[in-house]
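K.L.:
Here it is: the structure, laid out below.
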Amino acid sequence: MGKRLSENLSSLYIGAANKLKPKCSRRKIIAYVESYDDISFWRTLLGEYENETRYFEVMLPSKTTLAKGKKSVLMNELGPQLGQNMIACVDSDYDYLLQGATHTSRYIINNKYVFHTYAYAIENYQCYAEALHEVCVMATLNDHPLVDFVAFMRMYSQIAYPLFIWSVWFYRKHNLSEFSLLDFCSYVKLDRVSVYHPERSLESMSRRVRRKLLELERRHPKALEEIEAMKGEFAKLGVNEDNTYMFIQGHHIMDSVVMRLLVPVCNVLRRERETEIKELAEHNMQFHNELTSYQRRQLGVDIVLRKHTSYKLSPLYKKLEADIERFLKHI
């Protein structure tokens, strides 16, 4: 008998264990995820589908090691054991967009017991543009809309989109030495963001992107037809010029784009609230009491960004919900 948890458990094993329980007991479905950070996201999603007949248990692939269960582990160790009672939930990365160009992509797209985020990763959902104002309100307790986050992320996406297509094209050609994911991210990051003139950071990024596009078009003129064809293909997959940020590396979008925008915005919102408290306080003691009370109720914007669930309104999240519903209908 295998010593590792992944060797001892399978969908059939879980199914047999479910049958040994009393008839009124709920059926357990194990959902394996890649890392600790993924547990909350998938728990939130799958919890919506629990009822009197079934429940989910979300866990890492092994309880005997601290090693994270990346997709390769899920495929190599758990792949043959997945089934109606055991599923895998993973970040899509570029695998969804590669559309079978690699073994991992084919596996994730074709295995009905593997569910992927469609967006690059869960961080992209956490950075969902329509939720960013609410994130700032939760962090600062100030509802003053300083920046139109939806418009900003749309403009960011439109600038990044043509270079993003090239990035995926290089992945499809298995040519990462010339233009890696790290290279791509270096061109679509934000420099210092001004709260009152956020467009300036986009202008700086736009200049970098245009220079790189000209270079790639000059070096690969024969690829231009494929690049245009990919745009049409991506549109069918739900990728367009306005939502590209949902498909760019999640950690990059969170750390090098959204947080660089939210931190200065939240700093200004907090100063506004503190100034208001100072102006309304009738004496020094009241000012300090109110200020202390306000500061205690604040939350770190990074914490709020990782904990909110407003991304449930995202069209990509709806596609993920539809996959879960389709799975449950057939088990």
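The values are calculated or read from the model by the stated rules, or taken from the named source; none is laboratory data. Bear in mind that the values here come from a model prediction, so they are computed numbers and not experimental data. All Cβ positions, even for glycine, are placed from backbone atoms using ideal geometry, and neighbour counts span all protein chains on display. Heads up: the accessible areas ignore ligands, DNA and RNA and are worked out on the full protein's heavy atoms, side chains in. Shrake-Rupley method; radii C 1.70, N 1.55, O 1.52, S 1.80 Å.
K.L.:
Arg296 passes all but one of (1) outside the structural domain of Lys236 (by the TED database); (2) exposed (fewer than 12 other Cβ atoms within 10 Å of the Cβ); which number fails?
P.N.:
(1)
K.L.:
If you check Met259, Met246, Met254, which single one turns out to be of a type in the set (A, V, I, L, M, F, W, C), buried (at least 20 other Cβ atoms within 10 Å of the Cβ), farther than 21 Å from Leu98 by Cα and modelled with pLDDT of 95 or more? Steps first, please.
P.N.:
Values: Met259 fails: buried (at least 20 other Cβ atoms within 10 Å of the Cβ); Met246 fails: farther than 21 Å from Leu98 by Cα.
Every option except Met254 fails the conditions.
K.L.:
Could you count how many residues in the stretch 207-229 are open to solvent by 20 Å² or more (accessible area, probe 1.4 Å) and of a type in the set (Gly, Ala, Ser)?
P.N.:
The qualifying residues number 1.
K.L.:
Next question, about the same structure. In this structure, does Lys28 turn out to be modelled with pLDDT of 90 or more and either assigned to a loop (DSSP other than H, G, I, E, B) or not hydrophobic (A, V, I, L, M, F, W, C) (or both)?
P.N.:
Taking the combined requirement at face value, the residue satisfies it.
K.L.:
Look through Val188, Val265 and report the one residue that is under 20 Å from Leu97 (Cβ atoms) and not assigned by the TED database to the domain that holds Leu97.
P.N.:
Val188
K.L.:
Right, another one. Yes or no: Val150 assigned by the TED database to the domain that holds Arg219, within 17 Å of the chain's Cα centre (by Cα) and surrounded by fewer than 17 Cβ atoms within 10 Å (Cβ to Cβ)?
P.N.:
Yes: the conditions hold for Val150.
K.L.:
Next question, about the same structure. Filter the stretch 179-204 for residues that are open to solvent by less than 50 Å² (accessible area, probe 1.4 Å) and over 24 Å from the mean Cα position of the chain (by Cα); which is nearest to Asp93 (Cα to Cα)? Let's see the steps before the verdict.
P.N.:
First, pick out the residues of the stretch 179-204 that are open to solvent by less than 50 Å² (accessible area, probe 1.4 Å): 179-181, 184-185, 188, 190, 193-195, 198, 201-202, 204.
From what is left, the residues that are over 24 Å from the mean Cα position of the chain (by Cα) are 194-195, 204.
Values: Ser194: 30, Val195: 31, Ser204: 27 Å.
Top of the filtered list is Ser204.
K.L.:
Let me ask another. Could you tell me how many of the residues in the stretch 281-313 are out of contact with any helix residue (DSSP H, G or I) (no Cβ under 6 Å at 6 or more places or on another chain) and small (Gly, Ala, Ser)?
P.N.:
2
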